[in-house]
């Protein structure tokens, strides 16, 4: 049995790293009570809340948090016709938060994720670990058998080429979950009682050329390095698929990170995932995805971006053209998705004009 | 799976003896070596008689045996840490587990001694998943599974060729790193086994390793010998080169290589600073090896392990031979190794 940490009485972190350079993006449809237990670690940071579903519903944000909140009306107002690329009735809408943020780093977390305990019983400051992951280099070109070589107490092993020991910049930090694991519907149906109780004390870089299933529940990234590629696709209302938003983003960002020599890490930190969603509802959402991913995976595995694609936006537009060309035959949905990918980039560039932040 | 469920008759435990007195080593491993057949191969350059405690089912091989089997000139292939490869050559079993003679069982975070042999065999018996990364690591172990988004067609996995274990206390760091951090000891027990993704290169350490001999035996090549190779791991690279070959061939044939558990406890031995005095030739060789393996494509027609090794040797000679004589020697050794393997194992 694994329990969440009890954070009552823990003081708010007096030295929050990157306090003014990081936004926390939270999609929600119900309430944000979970933020009460995160106070010691998250209160110093600015929140961007993306309210999905009925915009007239009032979302209560616990006292003491500094936040901006966007509901569907705000999204429509800010993006106009481009709002069509932002999903409705799906947590995929969170990527709107990435777009409106003005910070360098993003941490996104689901509203049913609590603070986990490490094996010694101590509450895990997930955000602090994500920041450490992002600020340390990654090592995608050669696998280090002692995992993250930059962690305290670790290093590169014998035989690790010296020329590769500087590493590359880390674009994404993918955290994990104790208690309810991120299983798909079929697995949930077969193993409804399985809980993840294994605390694997490691961070590692996912090697170049390897794809992975990126979960959006506990995720952080460098918005300057990879932000425009973090589009969570068209899901939910009016769409034939759900629960593949983060997966889609994960495949896109990995191809682009590999192309631009950026690193993606996975492992620590853990959060405590408290709610198992309904597997029957999930099955209906995922159903098409289960078949489609058999085609989608080889597509991404074989996707080759051109030498001329040197910015994230350029890479993403190229990818969208490939999606239209190669996946439309799988289902007309991909034609729409490819268009939405372009709309997303247009919207991103509009809200984040290069001149304003000095980047190409 | 527990130790009761693995078939001990399918396993040979091969120990390269670089130290004459194996009493402490074997006594500490007794609970986990018991019931298994042991092959102890004595470093041909070790002068003293081996001291082996009673009660083990063990066959000991020395220089004389090597010369009988492969001839005097080829016996030089098996000096130092490479002596264990002789054990791999003459074994008749499906799985080999090999542990350096300066390692003893480690303790897990609960304080229990780790049965490294059983864990290695479990790793080898279960499929590997090199084609897509599972973020919950080994999907086949108790309490875990494939995560959402993992393609269903890839969930049956592929055969596991090798299981690379890790080390608590003295980790397998190179001499410059250990010399810089003299006090650093590995205390981090990472409770996971995972498959190293296809196309990813890694430094495979020979200190704590197991492999499916039936599947990939010939690919573990005792080939790259550093000039002035020594009797401490800081002064060798034979296992790292062997591992690069093994991983590349495994990728080519669609097999998997796992890393992670089990841990062993590696005792203090040697002096990293002393080892630094030797020319750090290994570093140069690794730098040249990386782009070579990165761009290497074995021909589609190479479908047997032996053919893969021969093709790899050819490519090494062609592309790296002019860079350093060590590579030419390695290529020749690889070809010789396959000849020896075929002649020793042809009657099987």
What number of residues in the stretch A:173-193 are more than 7 Å from every other protein chain (Cβ to nearest Cβ) and part of a loop (DSSP other than H, G, I, E, B)?
3
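Looking at the stretch B:133-171, which of the residues that are touching a residue at least 40 places away in the same chain (Cβ under 8 Å) and facing chain A (nearest Cβ under 7 Å) is nearest to the chain's Cα centre (by Cα)?
Initial filter on the stretch B:133-171 (touching a residue at least 40 places away in the same chain (Cβ under 8 Å)): B:133-134, B:137-138, B:141, B:157-171.
After this cut, where a residue has to be facing chain A (nearest Cβ under 7 Å) as well, the list is B:133, B:137, B:164, B:166, B:171.
Numbers: B:133: 23, B:137: 21, B:164: 7, B:166: 11, B:171: 15 Å.
Going through the qualifying residues, I end up with B:164.
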Out of (1) closer than 17 Å to residue B:263 by Cα; (2) within 14 Å of chain A (Cβ to nearest Cβ); (3) in contact with a helix residue (DSSP H, G or I) (Cβ under 6 Å, 6 or more places away or on another chain), what's the single condition that is false for residue B:115?
(2)
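Please verify whether the stretch B:121-130 includes one or more residues that are under 23 Å from residue B:250 (Cα atoms), at pLDDT 95 or above and within 13 Å of chain A (Cβ to nearest Cβ). Explain how you work it out, then say what you get.
If we filter the stretch B:121-130 for residues that are under 23 Å from residue B:250 (Cα atoms), which is where we start, we get B:121-130.
Add one more test, that the residue is at pLDDT 95 or above, and what stays is B:121-130.
Still in the list and also within 13 Å of chain A (Cβ to nearest Cβ): B:129-130.
The answer is yes; a qualifying residue exists.
Can you name every residue in the stretch A:229-275 that is part of a strand (DSSP E or B), within 14 Å of chain B (Cβ to nearest Cβ) and under 25 Å from residue A:352 (Cβ atoms)? Give the steps one after another, and end with the answer.
As a first pass, look at the stretch A:229-275 and keep what is part of a strand (DSSP E or B): A:236, A:263-273.
Pick out the ones that are also within 14 Å of chain B (Cβ to nearest Cβ) and you get A:263-271, A:273.
Within the stretch A:229-275, A:263, A:264, A:265 meet the criteria.
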Is at least one residue of the stretch B:177-199 assigned to a strand (DSSP E or B), touching a residue at least 40 places away in the same chain (Cβ under 8 Å), in contact with a helix residue (DSSP H, G or I) (Cβ under 7 Å, 6 or more places away or on another chain) and more than 8 Å from every other protein chain (Cβ to nearest Cβ)?
yes
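If you check residue A:27 against the conditions, is it in a strand (DSSP E or B) and touching a residue at least 12 places away in the same chain (Cβ under 8 Å)? Before you say what the answer is, go through the steps one by one.
On the way: in a strand (DSSP E or B): yes; touching a residue at least 12 places away in the same chain (Cβ under 8 Å): yes.
It is true that residue A:27 is in a strand (DSSP E or B) and touching a residue at least 12 places away in the same chain (Cβ under 8 Å).
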Which one is farthest from the chain's Cα centre (by Cα) among residues in the stretch B:50-78 that are under 21 Å from residue B:231 (Cα atoms) and in contact (Cβ under 8 Å) with a residue 60 or more places away in the chain?
B:74
Unmet criterion (only one of (1) away from chain A (no Cβ under 11 Å); (2) in a helix (DSSP H, G or I); (3) in contact with a helix residue (DSSP H, G or I) (Cβ under 8 Å, 6 or more places away or on another chain)) for residue B:240
(1)
Test: residue B:81 is more than 24 Å from residue A:140 (Cβ to Cβ), within 15 Å of the chain's Cα centre (by Cα) and more than 14 Å from chain A (Cβ to nearest Cβ)
no
Some residue of the stretch A:202-224 being more than 8 Å from every other protein chain (Cβ to nearest Cβ), assigned to a loop (DSSP other than H, G, I, E, B), out of contact with any strand residue (DSSP E or B) (no Cβ under 8 Å at 6 or more places or on another chain) and closer than 30 Å to residue A:343 by Cβ
no
So which of B:224, B:246 is within 14 Å of another protein chain (Cβ to nearest Cβ), touching a strand residue (DSSP E or B) at 6+ places or on another chain (Cβ under 8 Å), surrounded by 24 or more Cβ atoms within 10 Å (Cβ to Cβ) and closer than 17 Å to residue B:289 by Cα?
B:246
The residue that is nearest to residue B:154 (Cα to Cα), considering only those in the stretch A:292-316 that are in contact with a helix residue (DSSP H, G or I) (Cβ under 9 Å, 6 or more places away or on another chain) and not in a helix (DSSP H, G or I), is A:303
Taking the stretch B:149-174, which residues are surrounded by 24 or more Cβ atoms within 10 Å (Cβ to Cβ) and in a loop (DSSP other than H, G, I, E, B)?
B:149, B:150, B:171, B:172, B:173, B:174
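The values are calculated or read from the model by the stated rules, or taken from the named source; none is laboratory data. Bear in mind the structure is a predicted one, so any value in this text is a computation, not a measurement. Positions of Cβ are generated from backbone atoms using ideal geometry, with glycine treated the same way; all protein chains shown enter the neighbour counts.
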